[in-house]
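Worksheet for the structure shown next.
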Amino acid sequence: MLVAGGWFVIDQLTTESEDALAQDAMGEMDGNLDSITGEQVNSSTTFEFPEGTGADVSTAPEEGKVTVNVTTNESYQDLVAAYDGSSYDNVSVSMTLGAILHEDDNGVVTGYQGGGLWERHDGHTFVRSEPPFDFNGQALDFGFVNLSEMGSINEGQVVRAEHDVGDTQAQQQRILNEIAPHWNITGANATAPVSINVTIESQFADGWARYAEERMTADPADVDYPYEGDPEKVRIQFGEVPPSATFPATTNFTYPILYAGQSQFAHKRYNKSHPTHQIDKPADGFEINPSDHPDQEVAFYDEDRGEWIIIEAPATGGPSLFRGVNTSGETVYAEESELENSDQVNGVGPGASYDFIDGTHTCVVAENQISSTHPNGDGVLTEDPGTGLTLLELCAIEAYPDEAPKPTFDTTFEINITGTDPPAPDREVSEGEPIEVDVDVNNTGNFNDTQDVGLYYFEGDDTSNDPVLVDWEEDLELEDGKSDTLDFEWTDTDAS
């Protein structure tokens, strides 16, 4: 009887009450969905449109689309990796939003889209509940809710919504996979400056525009509505996000080094102030210009052999007889065909053109100076009088601009008091007990390097005094990404 009575009451609802009930149900649905969208664990919720409301509630899986466009700063475009053969300068990623809609007899449309609740009447859209889309001046939060796979909703039907962390992360990763290569500088732990704009196509576009202008944590650079004259399209521009490392417009390597760094950037980052030479980009690789100038030399770091290889080019106008020698003058690749068998050399050819795989460390010297140890003219082995290093050694040091991440050693410590069993690193040390410190050293730089590592300690609690040296490890040599453990020991009991 109760159920029958309930049905009777619902059947007698006025149209106005049905509309109010439906709008309340939309609000409840918004709250329920909002409660699970930010969860870091799999979660679910349910909502229901009561009997008498469903006739005017519909799902629109194809309603609304958001497109995120990332444009790399022109000066950095050749420092980032193109995605799937796309251009270096920009990339766009799109996703369909979908919507749940209700329209009352007065033409007021309430819609749940992108994680926000919108209401449109009298030709304008207003925000009833904010979407998870925000800008704080430095970072964007893209928390759009995707309803593109949602089926129809019937009145009285309990709808179960699930938030799958794995699916969410997979979608986020897809977007990152497409955007990141245009944002991250290849081979370096640094980002390039990029401009970001978001285009939203929706019947609630004016509401999205109003939300961006009035409710975001920080103001966007510009909100363009109607975008391209379309009242269902808005473009929100967030300006340029600064880089995490700054590269100068031209890199001034130690003269006469024309370029030092990864081969794919040679045409972009060479020393443009050089008086006689420049580096151009043909279809593949790079080309030294003028090609008929004899005073130039190229070397590359052969990863398989673990040594630098100097490419000896043929005499100008002569036959193609490229060969590779190591820094000891030994012939490693006797001719061009052997040289191209290297995993890192795609090709060398006339016109001073070189094509290496991306990431190959390359040194280009533009004056083929005579070396006292290599009188045949190995310019890269010429000693720089200012440092006492060969130009090739300087190339290894200067392979990245000053402002980019440099080769560095990172250390972690493990302290043992060897007079205890088991060791108790926090216990006060008795006089004469030896203290051992294991220092794990990791090369977190960009290439092989040698550095000195020392261990110091302060006497007592006063760190304003000069530290006391325990021991010193000179010339610790580590390859890129490798680590080593150093053992130090001392018996001072007043160390802190």
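Readers should treat all values here as calculations from the given coordinates under stated rules, not as data from a laboratory. The structure displayed is predicted, hence computed values, not measured ones. We place every Cβ from the backbone using ideal geometry, glycine too, and count neighbours over all the protein chains shown.
Once R0 is set to 30 Å, what does the formula 1/(1 + (r/R0)^6) return for the Cβ-Cβ distance between Glu149 and Arg215, expressed as a FRET efficiency to the nearest 0.05? According to the calculation, E is roughly 0.60. Straight-line reach only, C-alpha to C-alpha below 16 angstrom: list the lysines that Lys65 could link to, leaving out same-chain residues fewer than 8 apart. The qualifying lysines are Lys233. Peptides 205-218, 224-237 ranked from most to least packed give 205-218, 224-237, packing being the mean of other C-beta atoms within 10 angstrom over each peptide's residues. Label zone (Phe142, point 7 Å along Cα-to-C-beta; backbone nitrogen cut-off 14 Å) within segment 92-131: 92-97. Each of the peptides 382-390, 115-123 was scored by the mean count of other Cβ atoms within 10 Å over its residues; in descending order, highest first, they stand as 115-123, 382-390.
Could you calculate the contour length gain from Lys281 to Asp440, that is, 0.36 nm times the residue separation minus the distance between their Cα atoms, to one decimal place in nm? Numbers along the way, then the final one.
Values: separation 159, 0.36 × 159 = 57.24 nm, distance 4.28 nm.
Answer, rounded to one decimal: 53.0 nm.
Taking 8 Å as the Cα distance limit and 6 or more residues as the minimum spacing, I'd like the relative contact order of segment 257-397 as a percentage.
On the way: 297 pairs, mean separation 38.0, N = 141.
Worked out over segment 257-397, it gives 27 percent.
Taking packing as the residue-averaged number of other Cβ atoms within 10 angstrom, the listed peptides 331-338, 99-106 run from highest to lowest as 99-106, 331-338.
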